[in-house]
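**Q** I have a structure I would like to understand better, so I am pasting it below and will then ask my questions one at a time.
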Amino acid sequence: MNSPTHSTPQVPEQPRMSQEEYARSRHAVWLGAAALFTDELGRVLLVKPTYRSQWLLPGGGADPDESPEVACQREVREELGLTRKPGRLLAVHCLTPGHPDVAPDLPFPGEVRYVLDGGVLTEADIAALRLPPAELSAYEFLDSRAASERMTPVDAQIMLAALRARLADTTAHLTDGRHVAEVPPLDRHQVHTRPRAGREWPWHPGSVPDGMTIPQAWGWLFTPDGRVVLVIDPAERLAMLPGGTVEPKDESPEATLVREAAEEAQLSLGNVERLGWVYDATGEVYGGIGECARLRLAARITAIGPSTTDTATGRRFARLLTTPQQAAALLGWGEQGYQQAEMAARMAELRFGIPRALPGPVYELPVDGGFPGRGRAAA
């Protein structure tokens, strides 16, 4: 039997473009680069241009022969007087023509902007900042919420995504201010950061002095892989350790933490150990009770239940899983927070046999409970 014969239709040959014509036919957009700097309290550095009302991250457009990294380094030198290489890529953003944040009379082909990590500026670095008076009139370090309020909406979205990517050890990919792929947990819950009250209060490892009131018990609560759980109240959008006020019905501060962990985050705990305490000279938030100890504890999580509404607030808290170092950055307690994180990780290793957490992104605990990939109880 003869096989059927198939013939390919003849396609008229297209005239070849010259190299110049091909180059002109390619999609062309602006290329920009910015740096995300923070101070030692985690506040974001913004600069005020002389030519517009909104504030910006330091940076600008790339020259024709520049890569984003070279453009960022040059702009930082010209705008701030700092000579330093940028760090890793935090966010890449595509702004399309016709976006509402672009002036309607501006011929705009679109822009690809890179946001690179500028790092943390010390007091000496900040004292050395020098602005070009014809281009920039001021700079300021602001917490993430305040910074976003001074920027155009799309610039604020880029800044927040870059900051959250730094905190979560990831890189954000956005178009017109929206994440291209799945929205990361810190962005999904719109988590903000700010220096928190009490960051300068004395931190005391060890036991609370006899007779000192303990009105508060918060816990560094560890999963078997060394990460800790933070809760996000949707009313505040700030990270917190599970825990709360010691109630008269609680037998001990340890019992308070067990109760609050179950109510806020649906966590069951093993043995609870005291880590240390923060000295509060006034107890103002507790009705002016005078000097008191805000207790910090540590415990191993033995089970994670389905997410439910917190009985005290009537709100469902998000439950995020972070390394202790990431938690310290998100909590906004400054150096004291990092000291607590290190002590808690060391206690988890020595007392609970829990290894140090490996670097990795921030995760959200499953809504239906259980350890990620391990079922409802620890192995």
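**Q** Could you figure out which of (1) in contact with a strand residue (DSSP E or B) (Cβ under 7 Å, 6 or more places away or on another chain); (2) open to solvent by less than 50 Å² (accessible area, probe 1.4 Å) isn't true of residue 125?
**A** Result: residue 125 passes all but (1).
**Q** Right, something else. Return the residues of region 284-321 that are closer than 28 Å to residue 271 by Cβ, open to solvent by 60 Å² or more (accessible area, probe 1.4 Å) and touching a strand residue (DSSP E or B) at 6+ places or on another chain (Cβ under 8 Å); say none if nothing qualifies.
**A** Hits for region 284-321 are 300, 312.
**Q** Scan region 236-261 for residues that are surrounded by 16 or more Cβ atoms within 10 Å (Cβ to Cβ), farther than 21 Å from residue 307 by Cα and acidic (Asp, Glu) and jot them down.
**A** 250, 254
**Q** Could you tell me whether region 203-214 includes any residue that is surrounded by fewer than 18 Cβ atoms within 10 Å (Cβ to Cβ), touching a Leu at 6+ places or on another chain (Cβ under 7 Å) and outside any strand (DSSP E or B)?
**A** no
**Q** Also, I was wondering about something else. Within region 77-86, is even one residue under 27 Å from residue 178 (Cβ atoms) and open to solvent by 30 Å² or more (accessible area, probe 1.4 Å)?
**A** Residues of region 77-86 that are under 27 Å from residue 178 (Cβ atoms), as a first pass: 86.
Narrowing the set further to residues that are open to solvent by 30 Å² or more (accessible area, probe 1.4 Å) leaves 86.
Yes: region 77-86 contains one or more residues that are under 27 Å from residue 178 (Cβ atoms) and open to solvent by 30 Å² or more (accessible area, probe 1.4 Å).
**Q** Can you say whether residue 20 is at pLDDT below 80 and in a loop (DSSP other than H, G, I, E, B), as far as the supplied structure shows? Break it down stepwise before answering.
**A** Details: at pLDDT below 80: yes; in a loop (DSSP other than H, G, I, E, B): no.
So residue 20 fails the test.
**Q** How many residues, within region 247-291, are part of a loop (DSSP other than H, G, I, E, B) and closer than 22 Å to residue 234 by Cα?
**A** So the first thing to find is which residues in region 247-291 are part of a loop (DSSP other than H, G, I, E, B), and the list is 247-252, 266, 281-283, 287-291.
Of the ones still in play, those that are also closer than 22 Å to residue 234 by Cα are 266.
Residues meeting the conditions: 1.
The values are calculated or read from the model by the stated rules, or taken from the named source; none is laboratory data. Values in this document were obtained by computation on a predicted structure and should not be read as measured data. Reconstructed Cβ throughout: ideal geometry from the backbone, glycine too, with neighbour counts over all protein chains shown. Surface accessibility is based on the protein's heavy atoms, side chains included, excluding ligands, DNA and RNA. Shrake-Rupley method; radii C 1.70, N 1.55, O 1.52, S 1.80 Å.
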